[in-house]
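Here is the structure we will look at, set down as structure tokens.
The values are calculated or read from the model by the stated rules, or taken from the named source; none is laboratory data. Here the structure is a predicted model, which means the values were calculated and not measured. Because the Cβ atoms are built from the backbone with ideal geometry, glycine has one as well, and the counts that use them run over all protein chains shown. Accessible surface areas use protein heavy atoms only, side chains included; no ligands, DNA or RNA. Shrake-Rupley method; radii C 1.70, N 1.55, O 1.52, S 1.80 Å.
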Amino acid sequence: MLKSLYRPTDMTVGSPWKSIVVFTLPMLIGNIAQQLYSTVDSVVVGRYIGDNALAAVGSAVPLLNMLLVLFIGISAGANIMVSQYFGAKNRESLSYTIGNCITVTAIACVLLIAVATPLIRPVLSMLNTPESIIDDCADYLIISLVGIAGMGYYNILSGIIRGMGDSFSALLYLLVATVINIVLDIYFVAVVNMGVAGVALATVIAQIVSSILCLIKLSKMREFFDFKLKYLKPVGSYVKTIVRLGLPSGLTQAIFSSAMIIMQSLTNQFGEQFIAANVVIMRVDGFAMMPNFSFGMALTTYAGQNVGAGLYDRVTKGARQGTWLAVGCSTVITCLILIVGKPLMSIFTETKDLVELSYYLMKILAVGYIAMAVTQSLSGIMRGAGDTVTPMWISLITTVAIRVPIAYGISYLTRTTELPFGRCECIQISLVTSWVIGAVLTALFYRLGKWKNKAIH
């Protein structure tokens with residue numbers, strides 16, 4: 001029984017909701033473990049270094065997410081191709097897809113380090129990062145960038161493994177890395193006194209370990225594909241398909257990260273305490289979003305395998321059942337946030353005013369998690385079927401055309417002598433508004449059904 005958990009799962013047979021749940025649970029635990037990376041970072045920083053250091057890590061996160069968009073795009077393309085070729089039982093195409101993804105990732109790592117490293121400090125200055133935290137911000141980002149290969153390869157390799165229906169192995173390796181991260185966090189910060197740099201170094205080392213474990217796992221899966229040198233050589237048709245499928249997902253993340261950077265510039269105007277409050281909110285938000293992201297990824301693999309096998313009725317049935325499961329989980333989480341939110345905030349800091357501010361802002365966001373359950377689930381179905389462009393456009397509209405103008409508009413309209421930059425709630429109000437509109441648009445385009453004509457041929 002235990003051995004079967006490590007094997008790829010054929011999601012084209014059996015009860016759709018059971019397949020989705022069995023596949024989602026390890027991913028949900030894994031996503032929670034991955035969220036522990038940043039959460040432990042924040043707890044250690046807030047408790048051992050201080051609120052300003054906590055704000056520094058928070059200001060660095062949007063830029064770090066922007067650096068990862070290349071790998072998110074490659075991972076998305078790999079997941080779709082692997083799941084469809086696996087569902088179609090196409091061994092040769094599966095082998096070339098995996099090999100080319102590994103090579104493309106290596107090229108992306110080299111280019112990213114060379115281009116982005118000199119730009120970190122100028123960009124932080126451009127974003128009005130307070131002088132009191134800019135040095136720590138820069139240290140965190142430079143160390144993270146140098147170790148970007150670990151983060152990149154874990155995203156791509158775990159995406160490949162999940163595409164073949166094995167969500168348990170990726171979970172196991174991530175749990176190992178999480179333990180390493182926690183131990184090193186405490187050692188580098190509390191014992192060695194490395195400060196924010198120690199937090200970044202701990203995360204990089206842990207990510208490298210998880211990526212190596214994923215690579216070892218892939219090398220042992222010869223039953224389903226061939227892992228030979230010839231498949232690592234870039235082949236135009238496969239690279240183009242990876243880019244075609246992954247580019248919209250990468251652009252979606254780039255759009256989101258760009259908006260976060262623009263919003264960070266506005267956030268920075270409200271001062272260190274508000275920046276620190278947003279860090280606390282992001283950490284709790286990360287856990288609240290985990291079921292949504294997990295169901296979305298599970299439905300991507302589910303749709304990919306069934307589309308590859310030509311089972312469109314089964315895709316529709318799974319989409320309905322999976323979305324209801326995601327909505328149910330998010331409703332429970334929203335209620336929990338409203339009930340026990342304040343004690344959660346106090347884990348990160350002992351500053352009472354910071355806890356109160358964080359909890360107040362978190363309550364504004366709470367209902368948005370239910371809307372995001374719909375968005376992530378139905379977007380996962382469309383991506384798995386090969387339609388990665390529609391979710392990209394929806395993200396573009398909600399993030400750029402809706403969220404940013406609302407945030408800056410509220411900030412401008414609420415300015416007073418006492419509040420020279422307006423009301424800080426503008427950040428959360430704009431976010432929850434974009435989530436709700438995004439859910440409506442996603443449901444509409446899913447119902448139109450054009451995603452059914454996007455399968456890989």
Exercise. Using a 1.4 Å probe, how large is the accessible area of Lys228, given in Å² and rounded to the nearest 10?
Worked result: 120
Exercise. How far, in nm, would the chain grow between Tyr187 and Gln269 when pulled straight, counting 0.36 nm per residue and subtracting the alpha carbon separation?
Worked result: 26.2 nm
For this session: Could you let me know the centre-to-centre spacing of region 216-264 and region 178-202, using Cα atoms, in angstrom?
Result: 30
Exercise. Using a 1.4 Å probe, what is the accessible area per residue for region 49-100, in Å²?
Worked result: 24
Seminar exercise, completed: Contour minus Cα-Cα span, Leu215 to Glu425, at 0.36 nm per residue, comes to 71.2 nm
Exercise. So for Leu63, Leu266, what's the accessible-area order with a 1.4 Å probe, most first?
Worked result: Leu63, Leu266
Exercise. Hey, any idea what % of the chain's accessible area is carbon plus sulfur with a 1.4 Å probe?
Worked result: 69
Seminar exercise, completed: Two pseudo-spin positions, 7 Å from Cα along C-beta at Ile397 and at Asp353, lie apart in nanometres by 4.2
Problem set entry | Sequence of Ser346, Ser210 when ordered by accessible area, the most exposed leading, probe 1.4 angstrom | Ser346, Ser210
Exercise. If you look at just the Cα atoms of region 130-239, how large are its Rg and its Dmax in Å?
Worked result: 17.2, 55
Problem set entry | region 233-379 - Debye-derived log10 I(q)/I(0), Cα point model, q = 0.09, 0.16 Å⁻¹ | -0.41, -0.97
Exercise. Using a 1.4 Å probe, what is the accessible area per residue for region 322-377, in Å²?
Worked result: 45
For this session: First check a/c for region 320-401, with a ≥ b ≥ c the square roots of the eigenvalues of its C-alpha gyration tensor; if it is under 1.5, answer rounded, and if not, answer prolate when a/b is larger than b/c or oblate otherwise.
Result: prolate
Exercise. Extension gain Leu119-Glu223, at 0.36 nm per residue separation less the Cα-Cα distance, in nm?
Worked result: 33.0 nm
Exercise. So what's the angle, to the nearest 10 degrees on a 0 to 90 scale, between helix 352-365 and the longest Cα principal axis of the chain?
Worked result: 40
For this session: Please arrange Val189, Val21 by accessible surface area, largest first, computed with a 1.4 Å probe and ligands excluded.
Result: Val21, Val189
Exercise. For helix 404-413, what angle does its Cα long axis make with the longest principal axis of the chain, in degrees from 0 to 90 and rounded to 10?
Worked result: 20
Problem set entry | In Å², nearest 10: area of Glu92 left accessible to a 1.4 Å probe | 80
Exercise. In Å², what does the accessible area per residue of region 186-258 work out to with a 1.4 Å probe?
Worked result: 49
Exercise. Can you pull the accessible area of Ile142 for me, 1.4 Å probe, Å² to the nearest 10?
Worked result: 70
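Assuming a ≥ b ≥ c are the square roots of the Cα gyration tensor eigenvalues, decide whether region 372-457 counts as rounded (a/c under 1.5), prolate (otherwise, with a/b larger than b/c) or oblate. Working shown, then result.
Details: a/c = 4.28, a/b = 3.47, b/c = 1.23.
Since a/c reaches 1.5 and a/b is larger than b/c, the shape of region 372-457 is classed as prolate.
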For this session: Rank-order 336-343, 292-299, 402-409 by packing density, defined as the average count of other C-beta atoms within 10 Å over each peptide's residues, highest first.
Result: 292-299, 402-409, 336-343
Exercise. Let a ≥ b ≥ c be the square roots of the eigenvalues of the Cα gyration tensor of region 69-210; is it rounded (a/c under 1.5), or, if not, prolate (a/b larger than b/c) or oblate?
Worked result: oblate
Seminar exercise, completed: From the Cα centre of region 334-375 to that of region 415-437, the distance in Å is 16
Exercise. For the chain, what is the calculated [θ] at 222 nm in deg cm²/dmol (nearest 500), taking -39500 (n - 2.57) for each run of four or more DSSP H residues and dividing by its residue count?
Worked result: -26500 deg cm²/dmol
Exercise. Which far-off residues, 5 or more places away or on another chain, put their amide H under 5 Å from the one on Arg423, with H placed in the peptide plane?
Worked result: Thr414
Problem set entry | Ordering of 52-60, 363-371, 216-224 by packing [mean C-beta count within 10 Å, highest first] | 52-60, 363-371, 216-224
Problem set entry | Span per principal axis, largest first, for the Cα atoms of region 109-166 (Å) | 47, 21, 16
Exercise. Which distance in nm do the two modelled labels at Val367 and Thr103 give, with both placed 7 Å along the Cα-to-Cβ direction?
Worked result: 5.2
